[in-house]
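The values are calculated or read from the model by the stated rules, or taken from the named source; none is laboratory data. Quick caveat: nothing in here was measured; it's all calculated off a predicted structure. FYI the Cβ positions are ideal-geometry reconstructions off the backbone, even for glycines, and counts take in every protein chain you see. We work out accessible area using only protein heavy atoms, side chains counted, and drop any ligands, DNA or RNA first. Shrake-Rupley method; radii C 1.70, N 1.55, O 1.52, S 1.80 Å.
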Amino acid sequence: MTAIESPITPLQSMEKDAPIRKPQIGLLLLPAGMLIGLLLVCALVVLRMSVGERNAEWTGWSLRAYTQLASSRNISIIIDTIWMALLSALITTLVAFPIALFLTRTTSAFARRLVLVAILLPMIISLLVQSFGWMAILGPNGLLNQAISAATGIERPFSLLFNRTGVMLGLVQTSIPLAVLPTAAALRSIPLSLEEAANVLGANRIRTYRHIILPLAWPGMAAGAILVFGFNTGAFVVPLLLGGLKVTTIAVVIRDQMGSLSNWPLGAALSFLLILLALAVQSLNRLIVRTNVEIKG
Amino acid sequence: MSMPTATGRAGMEWQLVKGITCMLLALMLAPICMVLVISFTSGDTLQFPPPALSLRWYQEVWTMLVGPDAGIARLRESLLVSLEIAALTSLVCVLAGVPASYALERYRFAGKTLIEELIGLPVVFPAVVLGIALLVLVSASGLESGIFQIVVAHSIVGLPFLMRNCMTAMRGIDPMLEEAAKTLGASPPRVFWEIVLPLASGGIASGAILVFILSFNEFTLSYFLYSVDVFPLSIWLFQQANTSFSPAVFAVSSLIVVVNVAAVLVVDAVIGSRGSAA
C-alpha cells in the first residue's frame with residue numbers, strides 16, 4: 001500500500017454514477033431480499049399466532065398463550081434453558097482461550113491449519129452423527145463407563161446420557177468454534193511488543209496475562225460467549241438426542257406444543273421469546289464489536 | 001527446562017498451552033472418531049472396543065444402496081434427495097447472494113446498514129422457529145412444494161455464509177480494474193461479468209461448497225419440512241437411530257464424515273491458493 005494519495009479517486013467517481021444506477025441496486029438486492037423477506041414473514045406469522053386463540057389462530061385474538069407462558073412449569077423450562085446456555089457459554093469461553101492462544105501464537109502454518117480444521121469439523125459435521133458418537137462414549141455400555149468400571153470394579157458407575165451432563169458436553173463441543181474464532185481475532189490484534197515491554201518493566205507472565213492479554217482479549221471473548229449463548233438458547237438437536245425426554249429446552253417444548261399437543265399459540269409465544277433472545281444477542285454482539293473498534297480508534 | 005520468554009512462545013507456558021490445546025481437540029473430535037471406529041466392528045452391536053475389525057457393515061450399506069431391497073431401505077433415495085437439495089440450495093444462494101454482495105460491497109445507498117443487519121439475521125434466528133413457521137405457511141397456503149420448501153429453508157440459512165465469503169473476495173478486487181474497463185467502454189453488466197465474477201470466483205466457490213455441506217448436514221429445518229416423498233439423508237439417519245440402531249447407521253455416518261472432511265479440505269485449498277486464508 002502506498003501512503004501517497006492517488007490523484008485519481010476511482011471510488012468517488014463510481015459513487016457519482018451511483019444515483020443513476022439506484023434502480024439497479026434494488027434489482028441486485030431483490031433475490032436476497034426475497035429470502036430474508038420470507039424470514040421476516042415467518043417472524044410475523046409466529047407473532048400473529050402467539051396472540052391468537054387456540055384452534056382459531058388466524059381469526060381469534062387472545063393473550064392466553066402469554067399467561068400460560070408465565071406458568072411455573074414454563075418459567076422453569078425457560079430459566080433452565082437460559083441457565084444451560086449461560087453455563088455452556090462460560091465453559092466454552094474458558095476452553096476456547098488456550099486453543100485461540102495456540103492458534104494465534106504458533107509459528108507453524110501446518111499446526112495452525114490442523115487446529116482450524118479440527119475446530120471447524122464439530123461445527124460442520126451433522127450434529128446427528130456426532131450425537132451417535134457421544135451415545136457410544138457416554139451410554140450405559142459406552143467407552144467411559146467401561147473404562148471406569150474396569151478401573152474401579154463398579155458396574156455402570158455413571159449415567160451421563162439422557163441427562164444434563166450429556167447435553168452440556170454436546171453443547172460445548174459443537175459451539176467451540178464460535179468462541180475460538182472471535183477470541184483468536186482479538187488475541188491476534190495484541191502486538192507482541194506490548195508483552196515484551198511488560199517483561200522489560202519487570203512484570204511476570206501472570207501479571208502480563210492479568211493486565212495486558214486478558215483486558216485486550218476480552219471483547220473477543222465476550223463476543224464469542226454471547227454468540228455461544230445465543231446459539232444454545234435455541235438448541236434443538238443436542239437436547240433432543242443427548243437429553244432423551246428428560247432434558248427439555250425451549251426449542252424442544254416448542255416442537256411438542258406445536259406438534260403432539262397442538263397448542264399452537266403457546267408454541268408461538270415460546271418461539272417469539274426465542275426470536276427476542278436472538279435479537280438481543282445480535283444487538284449485544286454489535287455493541288461489543290463497535291465499542292471495541294472505538295477503543296482501538 | 002527452558003526459560004520463559006517475554007511472549008510465552010517457548011518454555012513451560014508454551015508447553016502447557018500446547019498440551020491443553022491437544023487435549024481439548026482430542027475431546028472435541030472424540031465423538032467423530034468413535035463413529036469411525038465403531039463402523040468397522042464385526043459384531044452386531046455398538047460395543048466398544050469392537051471385538052474384531054471388518055468391513056461387514058460397509059457391505060451392508062452397499063447392499064442397501066444398490067441391492068435388490070434398495071427400494072425398501074430408501075437409503076439411496078434419501079442420499080440422492082439430500083444431494084439434490086444441497087446442490088439446489090447452493091445454486092439459489094449463489095444467484096441471490098452474489099449480486100447482493102456486489103451491491104453492498106461497491107455502492108453506498110440509503111438503508112444499507114439495515115440491509116447488512118438483515119442479511120446477518122438468519123445466523124441468529126432459531127432454526128426450530130424458522131422450520132415451524134415455514135411449515136405453518138406451507139400448510140396454510142396449500143403450497144405443498146416437496147423439495148422446494150426444504151431448499152428455500154436451507155437457502156435462507158445458507159445465504160449469510162455465502163455472502164460473507166463472497167464479500168470478502170470482492171473487497172480484495174481493486175476498483176481501478178472496474179474503472180479501467182468502464183473507461184474502455186464496457187457496460188456495467190459486462191464489467192460485472194468479465195472483471196468482478198472471475199476475480200471473485202474463488203470466494204464464491206468456497207462459499208457455495210460451504211453452503212452445500214451445511215445443507216447436506218442440516219437436520220432441524222428438514223425435520224419440520226420433510227414429507228414421505230422427500231426424505232433427506234439426515235431424516236433417514238434419525239429414523240434409523242430411533243428404530244434399528246445398528247452399526248450400519250455408523251457406517252453411513254462415517255461415509256458422511258469422510259465426504260465432509262474432503263469438502264472442508266477442498267474449501268481450504270481454494271481459499272489457500274488465493275492467498276487469503278484466515
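Would you call A:Val180 more than 13 Å from chain B (Cβ to nearest Cβ), open to solvent by less than 50 Å² (accessible area, probe 1.4 Å) and out of contact with any His (no Cβ under 9 Å at 6 or more places or on another chain)? Explain how you work it out, then say what you get.
Values: more than 13 Å from chain B (Cβ to nearest Cβ): no; open to solvent by less than 50 Å² (accessible area, probe 1.4 Å): yes; out of contact with any His (no Cβ under 9 Å at 6 or more places or on another chain): yes.
No, not satisfied.
Working only within the stretch B:204-260, note down all residues that are at the interface with another protein chain (Cβ under 10 Å from one of its Cβ atoms), closer than 13 Å to B:His154 by Cβ and of a type outside the set (A, V, I, L, M, F, W, C).
Result: B:Asn217, B:Glu218, B:Thr220, B:Tyr223, B:Ser234.
Out of (1) open to solvent by 20 Å² or more (accessible area, probe 1.4 Å); (2) touching a helix residue (DSSP H, G or I) at 6+ places or on another chain (Cβ under 7 Å); (3) of a type outside the set (Ser, Thr, Tyr), the odd one out for A:Asn232 is which?
All conditions pass for A:Asn232, except number (1).
If we keep just the residues of the stretch B:38-47 that are open to solvent by less than 60 Å² (accessible area, probe 1.4 Å) and over 16 Å from A:Asn145 (Cα atoms), which is farthest from the other protein chains (Cβ to nearest Cβ)? Break it down stepwise before answering.
Within the stretch B:38-47, the first condition is being open to solvent by less than 60 Å² (accessible area, probe 1.4 Å), and the residues that meet it are B:38-39, B:41-43, B:46.
Now narrow it down to the ones that are over 16 Å from A:Asn145 (Cα atoms): B:38-39, B:41-43.
On the way: B:Ile38: 6, B:Ser39: 10, B:Thr41: 10, B:Ser42: 16, B:Gly43: 12 Å.
Filtering first and then ranking leaves B:Ser42.
Identify the single condition in (1) under 18 Å from the mean Cα position of the chain (by Cα); (2) without any contact (Cβ under 8 Å) to a residue 24 or more places away in the chain that B:Phe48 does not satisfy, given that it satisfies every other one.
Going through the list (1) under 18 Å from the mean Cα position of the chain (by Cα); (2) without any contact (Cβ under 8 Å) to a residue 24 or more places away in the chain, B:Phe48 breaks only (1).
Checking the structure you have, find out if any residue of the stretch A:72-85 is of a type in the set (Ser, Thr, Tyr), under 19 Å from the mean Cα position of the chain (by Cα) and either away from chain B (no Cβ under 12 Å) or closer than 30 Å to B:Trp14 by Cα (or both). Talk me through it step by step, then tell me what you get.
Step one: filter the stretch A:72-85 for residues of a type in the set (Ser, Thr, Tyr), giving A:72, A:76, A:81.
Imposing the further condition that a residue be under 19 Å from the mean Cα position of the chain (by Cα) reduces the set to A:81.
After this cut, where a residue has to be either away from chain B (no Cβ under 12 Å) or closer than 30 Å to B:Trp14 by Cα (or both) as well, the list is none.
No, the stretch A:72-85 contains no residue that is of a type in the set (Ser, Thr, Tyr), under 19 Å from the mean Cα position of the chain (by Cα) and either away from chain B (no Cβ under 12 Å) or closer than 30 Å to B:Trp14 by Cα (or both).
For the stretch B:120-137, what are the residues that are among the β-branched types (Val, Ile, Thr) and open to solvent by 20 Å² or more (accessible area, probe 1.4 Å)?
Here is the first cut: in the stretch B:120-137, the residues among the β-branched types (Val, Ile, Thr) are B:123-124, B:128-129, B:132, B:136.
Within the stretch B:120-137, B:Val123, B:Val124 qualify.
All but one of (1) of a type in the set (S, T, N, Q); (2) more than 25 Å from B:Phe238 (Cβ to Cβ); (3) assigned to a loop (DSSP other than H, G, I, E, B) hold for B:Ser145; which doesn't?
Looking at each condition in turn, B:Ser145 falls short on (2).
Against the conditions (1) within 30 Å of the chain's Cα centre (by Cα); (2) more than 8 Å from chain A (Cβ to nearest Cβ); (3) without any contact (Cβ under 8 Å) to a residue 24 or more places away in the chain; (4) open to solvent by 50 Å² or more (accessible area, probe 1.4 Å), where does B:Cys33 fall short? Just the number, please.
Of the numbered conditions (1) within 30 Å of the chain's Cα centre (by Cα); (2) more than 8 Å from chain A (Cβ to nearest Cβ); (3) without any contact (Cβ under 8 Å) to a residue 24 or more places away in the chain; (4) open to solvent by 50 Å² or more (accessible area, probe 1.4 Å), the odd one out for B:Cys33 is (2).
Say we look at the stretch B:168-190 and pick out the residues that are open to solvent by less than 40 Å² (accessible area, probe 1.4 Å) and farther than 30 Å from B:Leu130 by Cβ; which of these is nearest to the other protein chains (Cβ to nearest Cβ)? I'd like the intermediate steps shown before the answer.
First pass over the stretch B:168-190, keeping only residues open to solvent by less than 40 Å² (accessible area, probe 1.4 Å): B:169-170, B:173, B:175, B:178, B:181, B:186.
Right, trim to farther than 30 Å from B:Leu130 by Cβ and you get B:173, B:175, B:178, B:181, B:186.
Working: B:Ile173: 12, B:Pro175: 5, B:Glu178: 8, B:Ala181: 11, B:Ala186: 13 Å.
By that ranking, first place goes to B:Pro175.
Under 7 Å between Cβ atoms, at least 6 apart or on separate chains: pull out the pairs that start in the stretch B:57-77 with a residue that is under 23 Å from B:Val35 (Cα atoms) and end on any residue that is of a type in the set (D, E, K, R).
Pairs found: B:Leu65/B:Arg76.
All but one of (1) facing another protein chain (nearest Cβ under 9 Å); (2) touching a helix residue (DSSP H, G or I) at 6+ places or on another chain (Cβ under 6 Å); (3) without any contact (Cβ under 8 Å) to a residue 60 or more places away in the chain hold for A:Leu121; state the number of the condition that does not hold.
Of (1) facing another protein chain (nearest Cβ under 9 Å); (2) touching a helix residue (DSSP H, G or I) at 6+ places or on another chain (Cβ under 6 Å); (3) without any contact (Cβ under 8 Å) to a residue 60 or more places away in the chain, only one is false for A:Leu121: (2).
For the stretch A:209-255, which residues satisfy the criterion of being within 19 Å of A:Trp134 (Cβ to Cβ) and more than 18 Å from the chain's Cα centre (by Cα)? Before you say what the answer is, go through the steps one by one.
Step one: of the stretch A:209-255, the residues within 19 Å of A:Trp134 (Cβ to Cβ) are A:228, A:231-232, A:235-249, A:251-252.
Once the filter is applied, which keeps residues that are within 19 Å of A:Trp134 (Cβ to Cβ) and more than 18 Å from the chain's Cα centre (by Cα), the stretch A:209-255 yields A:Leu241, A:Leu242, A:Gly243, A:Gly244, A:Leu245, A:Lys246, A:Val247, A:Thr248.
If you check B:Pro50 against the conditions, is it at pLDDT below 95, within 14 Å of chain A (Cβ to nearest Cβ) and touching a strand residue (DSSP E or B) at 6+ places or on another chain (Cβ under 7 Å)?
Values: at pLDDT below 95: yes; within 14 Å of chain A (Cβ to nearest Cβ): yes; touching a strand residue (DSSP E or B) at 6+ places or on another chain (Cβ under 7 Å): yes.
Yes.
Can you tell me which of A:Ala225, A:Ala269, A:Ala280 is surrounded by fewer than 16 Cβ atoms within 10 Å (Cβ to Cβ), more than 9 Å from every other protein chain (Cβ to nearest Cβ) and modelled with pLDDT of 90 or more? Walk me through how you get there before you give the answer.
Working: A:Ala225 fails: surrounded by fewer than 16 Cβ atoms within 10 Å (Cβ to Cβ); A:Ala269 fails: surrounded by fewer than 16 Cβ atoms within 10 Å (Cβ to Cβ).
Unique residue meeting the criteria: A:Ala280.
Do the conditions hold for B:Leu210, that is, is it over 27 Å from B:Gln149 (Cβ atoms) and either outside any loop (DSSP other than H, G, I, E, B) or within 14 Å of the chain's Cα centre (by Cα) (or both)? Don't jump to the end; show me each part of the working.
On the way: over 27 Å from B:Gln149 (Cβ atoms): no; either outside any loop (DSSP other than H, G, I, E, B) or within 14 Å of the chain's Cα centre (by Cα) (or both): yes.
For B:Leu210, the condition - over 27 Å from B:Gln149 (Cβ atoms) and either outside any loop (DSSP other than H, G, I, E, B) or within 14 Å of the chain's Cα centre (by Cα) (or both) - is not met.
What residue, of B:Glu84, B:Glu60, is part of a helix (DSSP H, G or I), acidic (Asp, Glu), modelled with pLDDT of 90 or more and surrounded by fewer than 18 Cβ atoms within 10 Å (Cβ to Cβ)?
On the way: B:Glu60 fails: modelled with pLDDT of 90 or more.
Going through B:Glu84, B:Glu60 in turn, the sole match is B:Glu84.
Tally the residues that are more than 13 Å from every other protein chain (Cβ to nearest Cβ) and touching a residue at least 60 places away in the same chain (Cβ under 8 Å), restricting the search to the stretch A:56-71.
The number of residues fulfilling the criteria is 6.
Hey, could you check the stretch A:241-261 for residues that are of a type in the set (S, T, N, Q) and touching a residue at least 40 places away in the same chain (Cβ under 8 Å) and say which is surrounded by the most Cβ atoms within 10 Å (Cβ to Cβ)? Show your work before the answer.
Here is the first cut: in the stretch A:241-261, the residues of a type in the set (S, T, N, Q) are A:248-249, A:257, A:260.
Add one more test, that the residue is touching a residue at least 40 places away in the same chain (Cβ under 8 Å), and what stays is A:248-249.
Working: A:Thr248: 18, A:Thr249: 28.
In this case the residue turns out to be A:Thr249.
Going residue by residue through the stretch A:145-153, is there one that turns out to be farther than 20 Å from A:Asn232 by Cβ, open to solvent by 30 Å² or more (accessible area, probe 1.4 Å), modelled with pLDDT under 85 and facing chain B (nearest Cβ under 8 Å)?
Looking for residues that are farther than 20 Å from A:Asn232 by Cβ, open to solvent by 30 Å² or more (accessible area, probe 1.4 Å), modelled with pLDDT under 85 and facing chain B (nearest Cβ under 8 Å), one finds at least one in the stretch A:145-153, hence yes.
Could you tell me whether the stretch B:191-203 includes any residue that is of a type in the set (D, E, K, R) and either surrounded by fewer than 22 Cβ atoms within 10 Å (Cβ to Cβ) or assigned to a helix (DSSP H, G or I) (or both)? Give the derivation first.
In the first step, residues of the stretch B:191-203 are kept if they are of a type in the set (D, E, K, R); the result is B:194.
Going one step further and asking which of them are either surrounded by fewer than 22 Cβ atoms within 10 Å (Cβ to Cβ) or assigned to a helix (DSSP H, G or I) (or both), we end up with B:194.
Yes; the residues of the stretch B:191-203 include at least one that is of a type in the set (D, E, K, R) and either surrounded by fewer than 22 Cβ atoms within 10 Å (Cβ to Cβ) or assigned to a helix (DSSP H, G or I) (or both).
I need a count of the residues in the stretch B:231-252 that are among the β-branched types (Val, Ile, Thr) and open to solvent by 20 Å² or more (accessible area, probe 1.4 Å). Reasoning before the result, please.
So the first thing to find is which residues in the stretch B:231-252 are among the β-branched types (Val, Ile, Thr), and the list is B:235, B:243, B:249, B:252.
Okay, now just the ones that are also open to solvent by 20 Å² or more (accessible area, probe 1.4 Å), so B:243.
Going through the stretch B:231-252 one residue at a time, the tally reaches 1.
Just to verify a result, which residue in the stretch B:87-119, among those that are at the interface with chain A (Cβ under 7 Å from one of its Cβ atoms) and open to solvent by 30 Å² or more (accessible area, probe 1.4 Å), is farthest from B:Trp236 (Cα to Cα)?
B:Arg108
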